[in-house]
Amino acid sequence: MSVLSTLRHPIIAAPMAGGPSTPALAAAVSAAGGLGFLAAGMIDTGRLAAEVAEVRARTDRPFGVNLFLPDPGGVDEAAIQAYAQRLAPLAAERGVSLGAPVGGDDAYPEKLAALLADPVPVVSFVFGLPDRAAVAALRERGTEVWATVTRPDAATAAARLGVDAVVVQGTEAGGHRGGLPDDDDYALLPLLRLVAAGCDLPLVAAGGIVDGPAVAAVLAAGAAAAQLGTAFLRCPEAGSSPMHRAAVASAAPTALTRSFTGKRARGVANDFLRQHDAAAPIGYPQVLHLTRPLLAAARRDGDASVANLWAGQAHPLARDLPAAEVVTEVSAEARAALAAVVERVRPVGDDQDAGNRSGRAGQGGPETR
């Protein structure tokens, strides 16, 4: 039996690296009948093990862990250095030095080994597709493997690898683009329908989904469940900063940018994004390591003009509620929305049949001559 088929509500908490995803949030969503996720990106293996243990202590329901795949692409070192020179005065104003723009694999081999040694119900991947050996090894240990795609051909490739489900991420999503390359521009509904037309695996829809009607829309379009990230950013269990919560609650527009990390990601538009997006080079994790001290200083100072504030396009709809209430309320809204659609969309001929029945009823009395 697949994990998706065991959920009471078709709601998945998207993994949100960098702080918002916490064991408390993952456990609360799973305990409420959805599926919670831990974000393994940008933390070490020891912390990942501790967070897995904490989720297990909080709930016996299934949950997932998300892994960052190493980016196989090279970078333009000269462009990275030019970007560093551009940002150096801003860092000096904040009293920090920029980080070294080094590469790295986010300890992916070690994290994968840890999850093979101590399996969890679901492991999902972003920033490309896992190799066939990793998929097979996880599945042999009873772990479901989910791949994240941002274009139709990637879904076909993922299916050939033997994954159990495909997370279909539209461009409306907050945070980083989950596929490679990251220059795709597929909106969620067209992408979901294109993937559904050529893929028989269960699909999880992600991107700009915050409320029940949006969940209903993707379920009607072929998804087995909806993955919500921004919807949980204001929950008390999330690790979002007060500054981030305020940005999500605002009506400010969002934009895709490489300015913070060198990889396209969607966040609430601010001064840093507007001033540096055009100059930002492709280069993850090099740009991430470069800007990390500057962004940390902005978070420390509560400076929303500089900090990265990841959020999806529908972020004003996010609610300041406990995670369990978000799960149950959004699910109830989805059921109501689907019922309303069924009521509005009648099979061809229903209105005519109703009219005929009404006419016959009017002719059923005694005849008058």
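Looking only at the range 123-160, filter to residues that are among the hydrophobic types (A, V, I, L, M, F, W, C) and within 15 Å of the chain's Cα centre (by Cα); which one of those is farthest from Val195 (Cα to Cα)? Show your work before the answer.
Taking the range 123-160 as the starting set, the residues that turn out to be among the hydrophobic types (A, V, I, L, M, F, W, C) are 123, 125-127, 129, 133-138, 145-147, 149, 154-155, 157-159.
After this cut, where a residue has to be within 15 Å of the chain's Cα centre (by Cα) as well, the list is 123, 125-127, 146-147, 149.
Numbers: Val123: 21, Phe125: 17, Val126: 17, Phe127: 18, Trp146: 15, Ala147: 13, Val149: 9 Å.
The extreme case among them is Val123.
Restricting to the range 234-252, and then to whatever is outside any loop (DSSP other than H, G, I, E, B) and of a type outside the set (A, V, I, L, M), can you tell me which residue is most open to solvent (accessible area, probe 1.4 Å)?
First, pick out the residues of the range 234-252 that are outside any loop (DSSP other than H, G, I, E, B): 242-249.
With of a type outside the set (A, V, I, L, M) added as a condition, the list becomes 242, 244-245.
Values: Pro242: 110, His244: 19, Arg245: 54 Å².
It comes out as Pro242.
Which members of the range 175-199 meet the condition of being open to solvent by 30 Å² or more (accessible area, probe 1.4 Å), in contact (Cβ under 8 Å) with a residue 40 or more places away in the chain and within 18 Å of Ala14 (Cβ to Cβ)?
His176
Output yes when any residue across the range 69-85 is touching an Asp or Glu at 6+ places or on another chain (Cβ under 8 Å), without any contact (Cβ under 8 Å) to a residue 60 or more places away in the chain and farther than 29 Å from Thr22 by Cβ, and no when none is. If you could, list the steps in order and put the result at the bottom.
Going through the range 69-85, the residues touching an Asp or Glu at 6+ places or on another chain (Cβ under 8 Å) turn out to be 70.
Add one more test, that the residue is without any contact (Cβ under 8 Å) to a residue 60 or more places away in the chain, and what stays is 70.
Filter once more, so that each one left must be farther than 29 Å from Thr22 by Cβ: none.
No, the range 69-85 contains no residue that is touching an Asp or Glu at 6+ places or on another chain (Cβ under 8 Å), without any contact (Cβ under 8 Å) to a residue 60 or more places away in the chain and farther than 29 Å from Thr22 by Cβ.
Taking the condition of being surrounded by fewer than 19 Cβ atoms within 10 Å (Cβ to Cβ), at pLDDT 95 or above and either touching a strand residue (DSSP E or B) at 6+ places or on another chain (Cβ under 8 Å) or outside any helix (DSSP H, G or I) (or both), how many residues in the range 315-348 meet it?
Matching residues across the range 315-348 total 4.
Being open to solvent by 10 Å² or more (accessible area, probe 1.4 Å) and part of a helix (DSSP H, G or I) is true for just one of Ala155, Ala136, Ala216, Ala231. Which residue is that? Steps first, please.
Working: Ala155 fails: open to solvent by 10 Å² or more (accessible area, probe 1.4 Å); Ala216 fails: open to solvent by 10 Å² or more (accessible area, probe 1.4 Å); Ala231 fails: open to solvent by 10 Å² or more (accessible area, probe 1.4 Å).
After applying the criteria, what remains is Ala136.
Among the residues of the range 100-109, is any open to solvent by less than 20 Å² (accessible area, probe 1.4 Å), touching a residue at least 60 places away in the same chain (Cβ under 8 Å), more than 30 Å from Gln275 (Cβ to Cβ) and under 24 Å from the mean Cα position of the chain (by Cα)?
Of all residues in the range 100-109, those open to solvent by less than 20 Å² (accessible area, probe 1.4 Å) come to none.
The answer is no, given that none of the residues of the range 100-109 is open to solvent by less than 20 Å² (accessible area, probe 1.4 Å), touching a residue at least 60 places away in the same chain (Cβ under 8 Å), more than 30 Å from Gln275 (Cβ to Cβ) and under 24 Å from the mean Cα position of the chain (by Cα).
Restricted to the range 21-46, and to residues that are among the polar types (S, T, N, Q) and part of a helix (DSSP H, G or I), which residue is least open to solvent (accessible area, probe 1.4 Å)?
First, pick out the residues of the range 21-46 that are among the polar types (S, T, N, Q): 21-22, 30, 45.
Keeping just the survivors that are part of a helix (DSSP H, G or I) gives 30, 45.
On the way: Ser30: 0, Thr45: 42 Å².
My answer is Ser30.
Within the range 268-302, can you find the residues that are open to solvent by less than 40 Å² (accessible area, probe 1.4 Å), assigned to a loop (DSSP other than H, G, I, E, B) and free of Cβ contacts under 8 Å to residues at least 40 places away in the same chain?
Those that are open to solvent by less than 40 Å² (accessible area, probe 1.4 Å), assigned to a loop (DSSP other than H, G, I, E, B) and free of Cβ contacts under 8 Å to residues at least 40 places away in the same chain: Ala269, Asn270.
Which of the residues spanning the range 1-36 are of a type outside the set (A, V, I, L, M) and in contact with a Phe, Trp or Tyr (Cβ under 8 Å, 6 or more places away or on another chain)? Reasoning before the result, please.
Our first condition is that a residue be of a type outside the set (A, V, I, L, M); within the range 1-36, this holds for 2, 5-6, 8-10, 15, 18-23, 30, 33-34, 36.
Pro15, Gly18, Pro20, Ser21, Ser30, Gly36 - these are the residues of the range 1-36 that are of a type outside the set (A, V, I, L, M) and in contact with a Phe, Trp or Tyr (Cβ under 8 Å, 6 or more places away or on another chain).
In this structure, is Arg258 open to solvent by less than 10 Å² (accessible area, probe 1.4 Å), at pLDDT 95 or above, on the phi < 0 side of the Ramachandran plot and touching a Lys or Arg at 6+ places or on another chain (Cβ under 6 Å)?
Working: open to solvent by less than 10 Å² (accessible area, probe 1.4 Å): no; at pLDDT 95 or above: yes; on the phi < 0 side of the Ramachandran plot: yes; touching a Lys or Arg at 6+ places or on another chain (Cβ under 6 Å): yes.
Here the answer is no, as Arg258 does not meet what is asked.
Any residue at all in the range 53-74 that is under 29 Å from Val102 (Cα atoms), of a type in the set (Val, Ile, Thr) and either open to solvent by 60 Å² or more (accessible area, probe 1.4 Å) or over 17 Å from the mean Cα position of the chain (by Cα) (or both)?
No, that holds for no residue.
The values are calculated or read from the model by the stated rules, or taken from the named source; none is laboratory data. Predicted, not measured: the structure shown is a model, and the values here were computed from it. A quick note on method: Cβ atoms are made from the backbone with ideal geometry, for glycine too, and the neighbour counts reach across all protein chains shown. Accessible surface areas use protein heavy atoms only, side chains included; no ligands, DNA or RNA. Shrake-Rupley method; radii C 1.70, N 1.55, O 1.52, S 1.80 Å.
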